[in-house]
Amino acid sequence: MIALPFDNRFVAELPGDPDDSPRRRQVLGAAWSPARPTPVAAPRLLAHAREVAALVGLGEGDVRAPWFAEVFGGNALLPGMRPYAACYGGHQFGHWAGQLGDGRAITLGEVVNHAGERWELQLKGAGPTPYSRTADGRAVLRSSIREFLCSEAMHHLGIPTTRALSVVTTGEDVVRDMFYDGHPRPEPGAVVCRVAPSFVRFGNFEIFAARGDHENLARLADFTIDRDFPHLRGVADPAARRAAWLAEVCERTARMAVHWMRVGFVHGVMNTDNMSILGLTIDYGPYGWLDDFDPHWTPNTTDAQGRRYRFAAQPAIAQWNLVRLAEALHPLFGADEPLHAALDRFHDVFTAEYAAMTRAKFGLRDDGEATAALMHDGYLLLHAARADHTNFFRALGEVDAAPADDDAGALALLGDVFYDDAARDAQAAALAAWLRRWHAAVAAEPADARRARHHAVNPRYVLRNYLAQEAIDLAEAGDPSRVLELLELVRRPYDEQPGRERFAARRPEWAREKAGCSMLSCSS
Ligand code: AMP
Ligand code: MG
């Protein structure tokens, strides 16, 4: 086994639960509970991300060593690890849900790497903890592969996210009712090791506030500032420091939401327990990627009625969640003003960044009213014509010559980006006219320069739902090769990758209603 330099500040500096049994309970007055991973029958490494291994000080030799699957499957601990489950609450689907906590996540420890960066190693699916409520603490292979691949895909797209070190299969089955239709069945189990500077969520603060435990609320806030926002240590006045911190949380959350809107990512479960205090994308569950541009789309079947977490609602939901965080932190300020100032920061940053992002997506530089109208009309047409979000924008970057005068000729510039011939034909004239307008607006810039700018924000490859599902189907049948190939694919999402064009194809017809490809439940 290897010796990694652990420095477990969360458990060293914040109050812990004296009970170290996994008995399900309400945990008061503590930020965490001791929790050991429950060993599994036959841990085997399915995939790992080499960049993440390097980040935490592990070489390829370490990953191949037999102890790796033992440790990251939950059967052994490295010296210096102090495993725990965090206590948090949350607002789920708009309602306060009380104590939730790490019901199947167990942090192993905090590694400080050669560059001085702190990385928390956390297993997901490692067995029950005091927060598991009625569930088993386990995770199925399909959701583990989805979390592993998407974490890395998001990172390489330039989006703040938790990372993923590994997927280890357990050799044990986990029983899940995938469609919540009364037909539970055994599925292969797995454990993912996620990696982030911190896994603290809005809900970690909310739970102390809800219980009136203002002392621990303050301790957690000041700990978080000191450990994870060290650049704020220089703000001498404690109240000003906390205010600057909350404003920064708002700003980071705004930037994250802008990125999601840029690439067509739908988180699916934006409950406050799934919102990172660092503004990282966290907790990959029934997430999805837009195929045809539909602002109302949600991948989450549990949310199909209200569509609270649909694509277009994400910025407003992020803001709603920040208001819940600000409310929870109110006792630390005793005044409304700093909270309002922080929430204003969300609005200001989001508004400015979103406008800049959409301009970049369309390859436009001018920020006048004509540009705004052009983009607005573009989005309406994308929706009406049922065009693929990713491929439409990528195709725009390839447009060189002026669109032809005939509509079919103009549309040919976009290639095969439409899902429905009738919808495309109905919009053909409007789309062609729009393309001519758009081209006139961008034509002054040399095509090469425009293409380079354009392709830097419009990915060629995203982890489309059907692609992940194909990889899962193969892995469940014993062949992990597609998982590994998709991992390679998502490492360079903005580059053309000769031989991998098929992974850029819009969703095939067979995948339209297939489970896992268009809709997902929270069952994982
Ligand atoms: P999620 O919807 O995945 O964010 O989970 C919400 C809450 O349910 C969190 O407290 C999770 O830890 C808990 N949870 C989800 N799945 C399981 C499971 N299989 N076993 C124990 N707790 C779980
Ligand atoms: Mg969660």
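The values are calculated or read from the model by the stated rules, or taken from the named source; none is laboratory data. On a predicted model such as this, the values are computed, not experimentally measured, just so you know. Every residue, glycine as well, gets a Cβ built from its backbone with ideal geometry; the counts of neighbours run over all protein chains shown. These accessible areas exclude ligands, DNA and RNA; they are computed on the full protein's heavy atoms, side chains included. Shrake-Rupley method; radii C 1.70, N 1.55, O 1.52, S 1.80 Å.
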Worksheet, complete the sentence: Picking from Leu121, Leu149, the residue that is more than 24 Å from Arg227 (Cβ to Cβ), assigned by TED's automatic domain parsing to the domain that holds Pro83 and either near ligand 1 (Cβ under 10 Å from one of its atoms) or open to solvent by less than 30 Å² (accessible area, probe 1.4 Å) (or both) would be Leu149
Item to complete: Out of the residues in segment 153-180 that are farther than 22 Å from His259 by Cβ and in a loop (DSSP other than H, G, I, E, B), state the one that is modelled with the highest pLDDT.
Response: Asp177
Discussion item. For segment 279-292, check the following and say yes or no: at least one residue is of a type in the set (D, E, K, R) and surrounded by fewer than 20 Cβ atoms within 10 Å (Cβ to Cβ).
Written reply: no
Discussion item. Pairs please, first residue from segment 271-286 and closer than 17 Å to Cys87 by Cβ and within 7 Å of ligand 2 (Cβ to nearest atom), second anywhere and open to solvent by less than 10 Å² (accessible area, probe 1.4 Å) and assigned to a loop (DSSP other than H, G, I, E, B), Cβ atoms under 8 Å, 6+ apart in sequence or on different chains.
Written reply: Asp273/Leu100; Asn274/His267; Asn274/Ile282
Discussion item. Quick test of your reading of the structure: Ala210 fulfils all but one of (1) open to solvent by 30 Å² or more (accessible area, probe 1.4 Å); (2) within 16 Å of ligand 1 (Cβ to nearest atom); (3) in contact with a Leu (Cβ under 9 Å, 6 or more places away or on another chain). Name the failing condition by number.
Written reply: (3)
Discussion item. Test of understanding: among Asp181, Asp222, which residue is within 23 Å of Leu121 (Cα to Cα) and either open to solvent by 20 Å² or more (accessible area, probe 1.4 Å) or out of contact with any Leu (no Cβ under 7 Å at 6 or more places or on another chain) (or both)?
Written reply: Asp222
Worksheet item: In the set Ala196, Ala190, which member is more than 14 Å from ligand 2 (Cβ to nearest atom) and of a type in the set (Gly, Ala, Ser)?
Response: Ala190
Worksheet item: Mind checking whether some residue in segment 456-474 is among the acidic types (Asp, Glu) and under 24 Å from His156 (Cβ atoms)?
Response: yes
Worksheet item: Does Thr351 satisfy the criteria of being of a type in the set (Ser, Thr, Tyr), loosely packed, with under 15 Cβ neighbours inside 10 Å and either without any contact (Cβ under 8 Å) to a residue 12 or more places away in the chain or in contact with a Lys or Arg (Cβ under 7 Å, 6 or more places away or on another chain) (or both)?
Response: yes
Practice prompt. State whether the residues of segment 65-76 include one that is buried (at least 23 other Cβ atoms within 10 Å of the Cβ) and within 15 Å of ligand 2 (Cβ to nearest atom).
Written response: no
Item to complete: Could you grab me the full set of residues in segment 254-278 that are more than 16 Å from ligand 1 (Cβ to nearest atom) and either among the charged types (D, E, K, R) or open to solvent by less than 30 Å² (accessible area, probe 1.4 Å) (or both)?
Response: Ala254, Arg255, Met256, Ala257, Val258, Trp260, Met261, Arg262, Val263, Gly264, Phe265, Leu278
Worksheet, complete the sentence: In segment 249-268, anything assigned to a helix (DSSP H, G or I) and aliphatic (A, V, I, L, M) is listed as Val249, Ala254, Met256, Ala257, Val258, Met261, Val263
Worksheet item: Take the residues of segment 495-521 that are closer than 20 Å to His296 by Cβ and touching a Phe, Trp or Tyr at 6+ places or on another chain (Cβ under 6 Å): which is surrounded by the fewest Cβ atoms within 10 Å (Cβ to Cβ)?
Response: Ala511
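So that you can scan it fast, the table gives a plain yes or no per residue for (1) open to solvent by less than 30 Å² (accessible area, probe 1.4 Å); (2) touching a Lys or Arg at 6+ places or on another chain (Cβ under 8 Å); (3) polar (S, T, N, Q):
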| position | (1), (2), (3) |
| --- | --- |
| His376 | no, no, no |
| Leu382 | yes, no, no |
| His389 | yes, no, no |
| Phe393 | yes, yes, no |
| Asp405 | no, no, no |
| Ala422 | no, no, no |
| Asp448 | no, no, no |
| Ala452 | no, no, no |
| Ala468 | yes, yes, no |
Fill in: Residue satisfying condition, being within 27 Å of Ala471 (Cα to Cα), more than 14 Å from ligand 2 (Cβ to nearest atom) and touching a Cys at 6+ places or on another chain (Cβ under 7 Å), within set Leu121, Leu149, Leu58
Leu121
Discussion item. Being surrounded by 21 or more Cβ atoms within 10 Å (Cβ to Cβ) and more than 21 Å from Gly125 (Cβ to Cβ) narrows it down to one residue among Ala31, Ala47, Ala54; which is it?
Written reply: Ala31
